[in-house]
Amino acid sequence: MADGRVTIRTGEAIVLRTWPFLEADLLVSIFTREHGRLKGVARHAMRSRRRFGGALEPMTHVKATWAERPKQELVRLDAFEIISSPMTAPVDFARVAAIQLIAEILDELPEGAVEDAVFRLALAVLAELHIGRVWMPVTYFCLWMTRLMGWMPDLATCVVCGNRLTGQTAYYTPTHDGLTCHDDRRVGSVALSTAAVAEAARMFRGTVSDLAAEDWPKSRAPELRRFAIETLERHLERRLQSARALARA
């Protein structure tokens, strides 16, 4: 509904971050299914729980109502209705760090990035994040985010000589695009084993719910997770602090 000055919108959103703003207000970053990432002011959110309740925790899936004014960067957040919250399930340090990593990545996406597939990916991965079982969903999310954003290099071909990498260790650096063969590896290159590349191929073919049935300890394909996170960091042009916290889990 629009009155010429204010447009009221309602839609699904994922809460990403909150900051204190003015007196009892909160500044809130959300990722919406239809409009991408938005920032808005939740008035009196620190005093009254009626409109927002527990819906301001990171990665809470909500039905959000907000108001937009022309030429104003911040929207006015009017109400959140919880659809699901990851905080209703048991948590430990690793699970909290994994939730924060997903929120941090979504919060750093380029302005105007509207992608329903990203929204659905986040919800699907959140559903599989459980105590003791965070490593596969996190790896899956980071890999798929690189693909959905168009940042995933060809995993089967050397970017320098063009030869196939099938059956051999590949190499990459956090500062360059693409994988290379052993002969063309750059200074500071990091190895990506054939097993890690095979795991990536399986993740691109399968669903996170199907893969969640397997045993994925932290020791399984750690170089693949590192590759995906470092690829994201290079394109986002910042270090993901929650990734460092998760590595300490």
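DSSP assigns beta bridges within the stretch 1-140; of those with both partners inside it, close to 90 percent run antiparallel. Between the beta carbons of C161 and L123, assuming R0 = 41 Å, the FRET efficiency works out to 0.50 to the nearest 0.05.
Provide, as a two-decimal number, the C-alpha radius of gyration of the stretch 5-71 over 2.2 N^0.38 Å, N being how many residues it has.
So the Cα radius of gyration is 1.06 times the expected 2.2 N^0.38 Å.
Based on the reciprocal of the average 1/r between different C-alpha atoms, the Kirkwood radius for the chain equals 19.4 Å. Report note on the peptides 229-235, 6-12: ranked by the mean count of other C-beta atoms within 10 Å, highest first, their order is 229-235, 6-12. Over all distinct Cα pairs, what is the inverse of the mean 1/r for the stretch 62-195, reported as the Kirkwood hydrodynamic radius in Å? With all distinct Cα pairs of the stretch 62-195 included, I get 17.9 Å.
Relative to the longest principal axis of the Cα atoms of the chain, the long axis of helix 116-126 makes an angle of roughly 80 degrees.
Bridging of K39 to lysines at a Cα separation below 27 Å is possible for K63, K71, once same-chain residues fewer than 8 apart are set aside. Residue ranges 132-145, 213-226, 28-41 sort as 132-145, 28-41, 213-226 when ordered by packing (mean number of other C-beta atoms within 10 Å per residue, highest first).
Placing R0 at 41 angstrom, the Cβ-Cβ distance between V91 and Q168 gives a FRET efficiency of 0.50 after rounding to 0.05.
I'd like the carbon and sulfur percentage of the solvent accessible area for the chain, probe radius 1.4 Å, heavy atoms only, ligands and nucleic acids excluded.
Ligands and nucleic acids excluded, carbon and sulfur reach 51 percent.
Extending 7 Å from the Cα toward the beta-carbon at both H44 and E233 defines two label points whose distance is 4.4 nm.
With Cα atoms as the point set, the stretch 67-115 shows a radius of gyration and Dmax of 14.9, 43 Å. Entry comment: accessible area of the chain is 50 Å² per residue, from protein heavy atoms only and a probe of 1.4 Å. Which residues in the stretch 122-145 have a backbone N closer than 13 Å to a point placed 7 Å from the Cα of V190 along the Cα-to-Cβ line? Correct set: 143. A helix-only calculation puts the chain at -9500 deg cm²/dmol for mean residue ellipticity at 222 nm, using -39500 (n - 2.57) for each DSSP H run of at least four residues, averaged over all residues.
All alpha carbon pair distances within the stretch 99-158 were sorted into 10 Å bins beginning at 0; the resulting P(r) in whole percents reads 19, 53, 23, 4. In plain terms, the C-alpha convex hull of the stretch 1-143 casts an average shadow of 8.8 nm² when viewed from every direction.
The values are calculated or read from the model by the stated rules, or taken from the named source; none is laboratory data. Note that the structure is a prediction, hence the values are computed from the model and not measured. Positions of Cβ are backbone-derived with ideal geometry, glycine not excepted, and every protein chain shown enters the neighbour counts. What goes into the accessible areas is simple: the full protein's heavy atoms, side chains included, and nothing from ligands, DNA or RNA. Shrake-Rupley method; radii C 1.70, N 1.55, O 1.52, S 1.80 Å.
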